[in-house]
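The values are calculated or read from the model by the stated rules, or taken from the named source; none is laboratory data. Quick caveat: nothing in here was measured; it's all calculated off a predicted structure. Here the Cβ positions follow ideal geometry from the backbone for every residue, glycine too, while neighbour counts run over all protein chains shown.
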C-alpha cells in the first residue's frame, strides 16, 4: 500500500515561519483505517508523536500549517543541518577514557567545531551525548585522568 502523507509545518513563537518551522509533522491512514501521525525528530527519523492532536485539541499553542511533501523533505535537510552544524568539519574526533582509581569510568570524544568551539561528548548506552568532563577535570570538581584510546575502544566501553 502506497501511503499518502499530509505534511504540516509546526510553527511556534520561537519559529514563527512556515518556511523554517520548529517541527514538521505528517499524518496518514494505515491499512487498517487508523490515522497515524509522526514528526521528524532530532534523531533524523520520523517517529510517532501526537503533536497534531495536541494542537487541534488546543493543548498546544503551536500552529499546524499544511505544506507540500517537498516542504517536508526540505525540513528534513534543514533539521539534518541543525543537528550536525557543530560536527567536526573534517569528520575526525579524538577519543579518551577517563580512569579513576585505576578503573575505566567512561569514554569521551572531543573535537573542534567549524565555528571554533572545543566540544566533547560522553559515550552512553543511548549513543554520544554532550558532556563537560574536561572542564570538570580542569576545575578539580572531578577526579581522574584522560587516556587517549581508539574509536572502537571508546564505543566498547
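Return yes or no: is residue 99 out of contact with any helix residue (DSSP H, G or I) (no Cβ under 7 Å at 6 or more places or on another chain), surrounded by 12 or more Cβ atoms within 10 Å (Cβ to Cβ), assigned by TED's automatic domain parsing to the domain that holds residue 122 and not in a loop (DSSP other than H, G, I, E, B)? Taking the combined requirement at face value, the residue satisfies it. Here 81, 89 are screened, and the one residue that is in a helix (DSSP H, G or I) and either assigned by TED's automatic domain parsing to the domain that holds residue 130 or modelled with pLDDT under 95 (or both) is 81.
Every condition in (1) touching a residue at least 24 places away in the same chain (Cβ under 8 Å); (2) touching a helix residue (DSSP H, G or I) at 6+ places or on another chain (Cβ under 6 Å) is met by residue 37 except one, and the failing one is (1).
Taking the stretch 108-118, which residues are without any contact (Cβ under 8 Å) to a residue 40 or more places away in the chain and crowded, with 17+ Cβ neighbours inside 10 Å? Of everything in the stretch 108-118, those that are without any contact (Cβ under 8 Å) to a residue 40 or more places away in the chain and crowded, with 17+ Cβ neighbours inside 10 Å turn out to be 110, 111.
Apart from one condition, residue 153 fits all of (1) in a helix (DSSP H, G or I); (2) buried (at least 16 other Cβ atoms within 10 Å of the Cβ); the exception is (2). Of 38, 59, all but one fail to be at pLDDT 95 or above and in contact with a strand residue (DSSP E or B) (Cβ under 6 Å, 6 or more places away or on another chain); the exception is 38.
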